[in-house]
Amino acid sequence: MIAPLIDQPVIDEVKDCLTNTGWLTSGPKVLQLEAELRILTGAPAVLCVNSWTSGAMLMLRWFGVGPGDEVIIPAYTYSATALCALNIGAKVVMVDVKDDFTIDPAKIRAAITPRTKAIIPVDIGGWMADYDAIMELVYDAEVRAMFLPSTPEQEKLGRIFVVADAAHSIGAHYKGRPCGLCADATVLSFHSVKNVTTGEGGAVCLHLPQPFDHEAEYKFLKAFALNGQTKSAFEKNQPGAWRYDIIAQGMKINMPDICAAIGLAQIRRYKEELLPERVKIFERYQTGLGKHDWAILPTLRDKHQSQSSCHLYLLRIKNITETHRDIIIQRISERGVGVNVHYIPMPMLTLFRNLGYRMEDYPNTYELYKGEISLPIYNGLKDEEIDYVIQTIVASVCPPPTPPLRGRGA
């Protein structure tokens, strides 16, 4: 359903990495990709890592989140949003979502306790969460009074830490502001199916308030992501620069240059070429499906200058059951179109059920899920293919009526 873009510019950039720079682990390509990401997102500092999950864990550990602490997330997201907190011993507090699939700020407020250290809003499908409402909430005097700092970083911030799960939203805007400038930290994904890919990979965009020093925090995080080592192999390889130090009990999550080369070839033409192509595909779906009253269409843009990155096309079918939705998907598949569902809500999955989460506590999450079908959207999808998908969806949702059985002698 989603095909990564591997074309000649990507091949050329990877070949340059292999034959010219001769550097495979973190080196010049990673630095170039970080520079391009600073331009695209507007973030003062960007650190490339080996996955979204690693980047989110890095930022939670940097902030000192650990056992006994709580991290608030939406129930409607991929499991990595929860695992990044669970894997460092924190407790995940799930809350319900709004009709646009994003976390409900009112539900966040009700879930905050003195143990709350972080909130991870999720930009589902490329549509960004309501960051103004979330940031207003964490700055609220009553909420700040509940916050109990236990590390120097927590003392310095003085409130709940907001980490945007922007795995889907590179290139998106919220009220005119680019992804990267709406939370304290924004974590991107460059997994194989994302708008921009490095095969596997991610990036952390820093947008911390004063008195944080972005350059200093970037330098520390760069070391923390490399086992706490102050110099990368590329830096130690320079003449006379072999000496290094270990300054923290870090992680090994740096991005290799061979991966960065793939993303570098894509990011340089993302804003002018690749993202507009996705928007056109999205708009073609809107036109073709919008005439049907059973279709609930995802939002592309709104009057507040918010716009999706068009990572997913999350079609919803009105007034159907989960079983009916699954039958429709089967009909679509039989016609040769690959569709998906994003996502099975976490409380329906074995791990989270065993941890005590219950689907009935998140009614709107289930309401959205039971009618959702993700349609193909990727660079290179042709108009005639899009039209065939639309025709297939319509035929599968509205099959011709079954003729009545005819009795003997009729």
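Test Thr53 against the criterion of being of a type in the set (Ser, Thr, Tyr), modelled with pLDDT of 95 or more and assigned to a helix (DSSP H, G or I), and give yes or no. Step through it out loud before you land on a result.
Values: of a type in the set (Ser, Thr, Tyr): yes; modelled with pLDDT of 95 or more: yes; assigned to a helix (DSSP H, G or I): yes.
Yes: the conditions hold for Thr53.
Residue-wise test of (1) in contact with a strand residue (DSSP E or B) (Cβ under 9 Å, 6 or more places away or on another chain); (2) modelled with pLDDT of 95 or more; (3) surrounded by fewer than 21 Cβ atoms within 10 Å (Cβ to Cβ).
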{"site": "Val122", "(1), (2), (3)": "yes, yes, no"}
{"site": "Met128", "(1), (2), (3)": "yes, yes, no"}
{"site": "Arg144", "(1), (2), (3)": "no, yes, yes"}
{"site": "Glu153", "(1), (2), (3)": "yes, yes, yes"}
{"site": "Gly158", "(1), (2), (3)": "no, yes, yes"}
{"site": "Ala167", "(1), (2), (3)": "yes, yes, no"}
{"site": "Ala172", "(1), (2), (3)": "yes, yes, no"}
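Of Glu277, Glu217, Glu272, which residue is modelled with pLDDT of 95 or more, exposed (fewer than 13 other Cβ atoms within 10 Å of the Cβ), on the phi < 0 side of the Ramachandran plot and part of a helix (DSSP H, G or I)? If you could, list the steps in order and put the result at the bottom.
Values: Glu277 fails: exposed (fewer than 13 other Cβ atoms within 10 Å of the Cβ); Glu217 fails: exposed (fewer than 13 other Cβ atoms within 10 Å of the Cβ).
Within the list Glu277, Glu217, Glu272, the selection yields Glu272.
Results for (1) among the charged types (D, E, K, R); (2) in contact with a Leu (Cβ under 6 Å, 6 or more places away or on another chain), shown as yes or no for each residue.
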residue	(1), (2)
Ile170	no, yes
Arg177	yes, no
Ser189	no, no
Val193	no, no
Thr197	no, no
Gly202	no, yes
Leu206	no, no
Pro211	no, no
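Mind telling me which of the residues Thr197, Thr230 ends up being buried (at least 16 other Cβ atoms within 10 Å of the Cβ), more than 15 Å from the chain's Cα centre (by Cα) and among the polar types (S, T, N, Q)?
Details: Thr197 fails: more than 15 Å from the chain's Cα centre (by Cα).
Answer to the check: Thr230.
I need every pair where a residue in the range 84-99 that is in contact (Cβ under 8 Å) with a residue 40 or more places away in the chain and in a loop (DSSP other than H, G, I, E, B) has its Cβ under 9 Å from the Cβ of a residue that is surrounded by fewer than 23 Cβ atoms within 10 Å (Cβ to Cβ) and polar (S, T, N, Q), sequence separation at least 6 or different chains.
Asp96/Asn364; Lys98/Asn364; Asp99/Asn364
Could you check the range 293-370 for helices (runs of 4 or more DSSP H) lying wholly inside it with 2 or more residues that are surrounded by fewer than 20 Cβ atoms within 10 Å (Cβ to Cβ), within 22 Å of the chain's Cα centre (by Cα) and of a type outside the set (A, V, I, L, M, F, W, C)? Please lay out each step first, then the result.
Details: elements: 322-334, 350-354, 363-369.
Fully inside the range 293-370 and qualifying: 363-369.
So how many residues does the range 104-138 have that are among the hydrophobic types (A, V, I, L, M, F, W, C) and more than 19 Å from Arg301 (Cα to Cα)? Let's see the steps before the verdict.
Here is the first cut: in the range 104-138, the residues among the hydrophobic types (A, V, I, L, M, F, W, C) are 106, 108, 110-112, 118-120, 122, 124, 127-129, 133-135, 137-138.
From what's left, more than 19 Å from Arg301 (Cα to Cα): 106, 108, 110-112, 118-120, 134-135, 137-138.
Result for the range 104-138: 12.
If the Cβ limit is 7 Å and pairs must be 6+ apart or interchain, which residue in the range 137-165 that is in the same structural domain as Gly68 (by TED's automatic domain parsing) pairs with which residue that is among the polar types (S, T, N, Q) and outside any loop (DSSP other than H, G, I, E, B)?
Cβ pairs passing all conditions: Ile160/Thr116; Ala164/Thr186; Asp165/Thr81.
So which pairs qualify, if the first residue must be in the range 232-245 and in the same structural domain as Val30 (by TED's automatic domain parsing) and closer than 15 Å to Gly27 by Cα, the second must be in a loop (DSSP other than H, G, I, E, B) and of a type outside the set (Lys, Arg), the Cβ gap must be under 7 Å, and the two must be at least 6 apart or on different chains?
Here the result reads Ser232/Ser26; Ala233/Thr25; Phe234/Trp23; Phe234/Ser26; Phe234/Gly27; Glu235/Ala241; Lys236/Trp242; Lys236/Tyr244, each pair linking the range 232-245 to a residue that is in a loop (DSSP other than H, G, I, E, B) and of a type outside the set (Lys, Arg).
Checking the condition closer than 21 Å to Arg38 by Cβ and touching a helix residue (DSSP H, G or I) at 6+ places or on another chain (Cβ under 7 Å), which residue from Asp184, Asp165 passes? Let's see the steps before the verdict.
Details: Asp184 fails: touching a helix residue (DSSP H, G or I) at 6+ places or on another chain (Cβ under 7 Å).
After ruling out the rest, the residue left standing is Asp165.
Scanning the range 4-36 for residues that are part of a helix (DSSP H, G or I) and of a type in the set (Val, Ile, Thr), which turns out surrounded by the most Cβ atoms within 10 Å (Cβ to Cβ)?
So the first thing to find is which residues in the range 4-36 are part of a helix (DSSP H, G or I), and the list is 8-21, 28-36.
This time we only want the ones that are of a type in the set (Val, Ile, Thr), so: 10-11, 14, 19, 21, 30.
Details: Val10: 18, Ile11: 13, Val14: 21, Thr19: 8, Thr21: 15, Val30: 30.
Per the criteria, the residue is Val30.
Need the failing condition index for Leu381 against (1) crowded, with 18+ Cβ neighbours inside 10 Å; (2) within 19 Å of Lys291 (Cβ to Cβ); (3) among the hydrophobic types (A, V, I, L, M, F, W, C), just the number.
(2)
Any chance the range 217-228 includes a residue that's over 26 Å from Leu40 (Cα atoms) and assigned by TED's automatic domain parsing to the domain that holds Thr198?
If we filter the range 217-228 for residues that are over 26 Å from Leu40 (Cα atoms), which is where we start, we get 227-228.
Still in the running and assigned by TED's automatic domain parsing to the domain that holds Thr198: 227-228.
Within the range 217-228, one or more residues are over 26 Å from Leu40 (Cα atoms) and assigned by TED's automatic domain parsing to the domain that holds Thr198.
Would you confirm, using the coordinates I've provided, whether Ile262 is modelled with pLDDT of 95 or more, surrounded by 15 or more Cβ atoms within 10 Å (Cβ to Cβ), closer than 28 Å to Ile11 by Cβ and not assigned by TED's automatic domain parsing to the domain that holds Ile386?
It is false that Ile262 is modelled with pLDDT of 95 or more, surrounded by 15 or more Cβ atoms within 10 Å (Cβ to Cβ), closer than 28 Å to Ile11 by Cβ and not assigned by TED's automatic domain parsing to the domain that holds Ile386.
The values are calculated or read from the model by the stated rules, or taken from the named source; none is laboratory data. Everything quoted here is computed from the prediction, not taken from an experiment. Neighbour counts are summed over all protein chains in view; Cβ atoms, including those assigned to glycine, are modelled from backbone coordinates with ideal geometry.
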